[in-house]
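Before any comments, here is the structure.
The values are calculated or read from the model by the stated rules, or taken from the named source; none is laboratory data. Bear in mind that the values here come from a model prediction, so they are computed numbers and not experimental data. Here the Cβ positions follow ideal geometry from the backbone for every residue, glycine too, while neighbour counts run over all protein chains shown. Just so you know, the surface numbers come from the protein's heavy atoms only, side chains and all, with ligands and any DNA or RNA stripped out. Shrake-Rupley method; radii C 1.70, N 1.55, O 1.52, S 1.80 Å.
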Amino acid sequence: MNQKSFAFFLLRAAIAIVFAYAAIASYITPGNWLGYFPLFLRNLVPQTILLTGFSIYELLLAVWLLSGKFTFYAAVVALLTLCGIVLSNLYALDILFRDFAIILSAASLAVFTYKNKHI
């Protein structure tokens, strides 16, 4: 593995770990994570289904990022997911400000893989 490939792997892994951690932690302590969903979603979908569904989505996204397949699209999905989380939780910016680093990491990954979207 050359230096560039290793750097891309590290970037993909860094973003994937965030999603995997959130999915696993929400299974262990669901009460700590339900509050990040907008109220209208919590009223629309049963909370256990909402949290379980989103956790599965996060795990699938983490695996997709780690796979290195269609990395541009995985990065864009990660970027949009994180933007949605931050925008729907602006009241918690003291906690979510860290997500800006992950958002910019996903944006960087998307920019660097744009030309090879098919890979």
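With respect to the stated conditions, Pro30 is at pLDDT 95 or above and over 16 Å from the mean Cα position of the chain (by Cα).
Exactly one residue out of Lys69, Lys117 is open to solvent by 100 Å² or more (accessible area, probe 1.4 Å), free of Cβ contacts under 8 Å to residues at least 60 places away in the same chain and either more than 15 Å from Val18 (Cα to Cα) or aromatic (Phe, Trp, Tyr) (or both), and it is Lys69.
If I filter the range 35-43 for residues that are among the aliphatic types (A, V, I, L, M), surrounded by 15 or more Cβ atoms within 10 Å (Cβ to Cβ) and at negative phi, do I get at least one hit? Looking through the range 35-43, none of the residues is among the aliphatic types (A, V, I, L, M), surrounded by 15 or more Cβ atoms within 10 Å (Cβ to Cβ) and at negative phi. When you scan the range 5-13, do you find a residue that is open to solvent by less than 70 Å² (accessible area, probe 1.4 Å), closer than 16 Å to Ala110 by Cβ and either free of Cβ contacts under 8 Å to residues at least 40 places away in the same chain or charged (D, E, K, R) (or both), even just one? Yes - at least one qualifying residue is present in the range 5-13.
As an exercise: evaluate Leu51 against (1) open to solvent by less than 40 Å² (accessible area, probe 1.4 Å); (2) under 24 Å from Phe8 (Cα atoms) and give the number of the one condition it does not meet. Unmet for Leu51, out of (1) open to solvent by less than 40 Å² (accessible area, probe 1.4 Å); (2) under 24 Å from Phe8 (Cα atoms): (2).
From the list Ile85, Ile102, the one residue that fits, being crowded, with 16+ Cβ neighbours inside 10 Å, among the β-branched types (Val, Ile, Thr), within 14 Å of the chain's Cα centre (by Cα) and within 22 Å of Phe6 (Cβ to Cβ), is Ile102. Got at least one residue in the range 16-28 being closer than 17 Å to Ala110 by Cβ and of a type in the set (Val, Ile, Thr)? Yes, that holds for at least one residue.
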